[in-house]
Amino acid sequence: MPHHPQLALEPRKSPVQARSAASVDAILQATVQVLLSVGKERLTTTRVASRAGVSVGTLYQYFPNKSALLQAALKRHLAEMADTVEAACKTQSGATLQEMGAALIAAFLHAKIRDAKTSVALYSVSSDVDGAKIVQQMSVRMNKAIVRMLGSACEPLATDPALVASMLQGMMAGVSRRMLESAAPEKELISFRRQLTVAACAYLEACSARPPVHGATTVGDPARA
């Protein structure tokens, strides 16, 4: 029989009752806490179960091994980010492109940096638990939300909204990764958010089908030099 190691990462079962959901939530919170306190090499199912206040047997009802725990924690973390972006996009329906850009950047960076240590820790295990696939799934969710938001803008786009959304995601991903790799990402949040907002809004202005105002200059316009 062929061996499929990726299947071992899948949860054994999904919680269907409130008590079961609470146990899974406690286990995943404990997974992150143990990861932060002892690192991925020393993280064990026994340590996680003890931290969560459940038996190892209860843990194994849902997660077959350490890798499954880490993957589930990463998946939940990224899903929360996607939820935040979707909510922000929904609230901006019908707004201007500039308002949309500013709100999107603020929501994304806040979600990414509000618990920077967790983001960094889970980023470090991503390659061990097929994180690229999870990132892609969440990226698709966010892309769809951004496309819907852009499609509702009170001013038309001259560029394909799907392409614009992908470019905005690329900007956000690159800047957030740069922040997480720095020594103190929280301290850089305000300045990075300001600069990324300027870049995103300038890009959205360039993609707008609205005729430019006569004599107006944009960010990076040589006329300003």
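Can you tell which of Val140, Val125 is loosely packed, with under 15 Cβ neighbours inside 10 Å and in a helix (DSSP H, G or I)?
Numbers: Val125 fails: loosely packed, with under 15 Cβ neighbours inside 10 Å.
When all the criteria are applied, what remains is Val140.
All but one of (1) assigned to a helix (DSSP H, G or I); (2) open to solvent by less than 60 Å² (accessible area, probe 1.4 Å); (3) modelled with pLDDT of 95 or more hold for Gly94, so report the exception by its number.
Of the numbered conditions (1) assigned to a helix (DSSP H, G or I); (2) open to solvent by less than 60 Å² (accessible area, probe 1.4 Å); (3) modelled with pLDDT of 95 or more, the odd one out for Gly94 is (1).
List pairs: first residue in the range 58-69 and over 18 Å from Lys40 (Cα atoms), second residue open to solvent by 40 Å² or more (accessible area, probe 1.4 Å) anywhere in the structure, Cβ distance under 7 angstrom, at least six positions apart or on different chains.
So the pair list comes out as Gln61/Arg12; Gln61/Lys13; Tyr62/Pro11; Tyr62/Arg12; Tyr62/Lys13.
Does Ala116 satisfy the criteria of being open to solvent by less than 40 Å² (accessible area, probe 1.4 Å) and closer than 30 Å to Thr45 by Cα?
On the way: open to solvent by less than 40 Å² (accessible area, probe 1.4 Å): yes; closer than 30 Å to Thr45 by Cα: yes.
Taking the combined requirement at face value, the residue satisfies it.
Could you pull out the residue among Ala72, Ala49, Ala87, Ala82 that is under 19 Å from the mean Cα position of the chain (by Cα) and over 17 Å from Leu122 (Cβ atoms)? Full working, then the answer.
Working: Ala72 fails: over 17 Å from Leu122 (Cβ atoms); Ala49 fails: under 19 Å from the mean Cα position of the chain (by Cα); Ala82 fails: over 17 Å from Leu122 (Cβ atoms).
Within the list Ala72, Ala49, Ala87, Ala82, the selection yields Ala87.
Taking the range 25-59 as the search range and keeping residues that are outside any helix (DSSP H, G or I) and in contact with a helix residue (DSSP H, G or I) (Cβ under 7 Å, 6 or more places away or on another chain), which one is least open to solvent (accessible area, probe 1.4 Å)? Quick ask: steps written out before the conclusion?
We begin by selecting, within the range 25-59, every residue outside any helix (DSSP H, G or I); these are 39-44, 53-55.
Pick out the ones that are also in contact with a helix residue (DSSP H, G or I) (Cβ under 7 Å, 6 or more places away or on another chain) and you get 40, 43-44, 53-55.
Values: Lys40: 60, Leu43: 2, Thr44: 55, Gly53: 68, Val54: 32, Ser55: 63 Å².
So the residue we want is Leu43.
Would you pick out the residues in the range 23-57 that are farther than 16 Å from Gly131 by Cβ, among the polar types (S, T, N, Q) and touching a residue at least 24 places away in the same chain (Cβ under 8 Å)?
Ser23, Thr45
Would you be able to tell me the number of residues in the range 175-210 that are outside any helix (DSSP H, G or I) and open to solvent by less than 100 Å² (accessible area, probe 1.4 Å)?
Of the range 175-210, the ones outside any helix (DSSP H, G or I) are 181-184, 208-210.
Cutting the leftovers down to open to solvent by less than 100 Å² (accessible area, probe 1.4 Å) gives us 182, 184, 208-209.
The total comes to 4.
Quick check, is Ala68 small (Gly, Ala, Ser), closer than 25 Å to Ser176 by Cα and in a helix (DSSP H, G or I)?
When the stated conditions are applied, Ala68 does not pass them.
Criterion first (on the phi < 0 side of the Ramachandran plot, under 13 Å from the mean Cα position of the chain (by Cα) and surrounded by 21 or more Cβ atoms within 10 Å (Cβ to Cβ)) does Met149 satisfy it?
So Met149 fails the test.
What is the one condition in (1) open to solvent by 40 Å² or more (accessible area, probe 1.4 Å); (2) under 29 Å from Val147 (Cβ atoms); (3) modelled with pLDDT of 95 or more; (4) not charged (D, E, K, R) that Thr84 does not satisfy?
(1)
Kindly indicate the residue of the range 128-137 that is of a type in the set (A, V, I, L, M, F, W, C) and outside any loop (DSSP other than H, G, I, E, B) and also surrounded by the most Cβ atoms within 10 Å (Cβ to Cβ) among those meeting that condition.
Restricting attention to the range 128-137, the residues satisfying the condition of being of a type in the set (A, V, I, L, M, F, W, C) are 129, 132, 134-135.
Now narrow it down to the ones that are outside any loop (DSSP other than H, G, I, E, B): 132, 134-135.
Working: Ala132: 10, Ile134: 19, Val135: 17.
Among those that are of a type in the set (A, V, I, L, M, F, W, C) and outside any loop (DSSP other than H, G, I, E, B), it is Ile134.
The values are calculated or read from the model by the stated rules, or taken from the named source; none is laboratory data. Owing to the predicted nature of the structure, the values given are computational and were not obtained by experimental measurement. Note that we place each Cβ from the backbone using ideal geometry, even for glycine, and neighbour counts take in every protein chain shown. Ligands, DNA and RNA are excluded from the accessible area calculation, which covers all protein heavy atoms including side chains. Shrake-Rupley method; radii C 1.70, N 1.55, O 1.52, S 1.80 Å.
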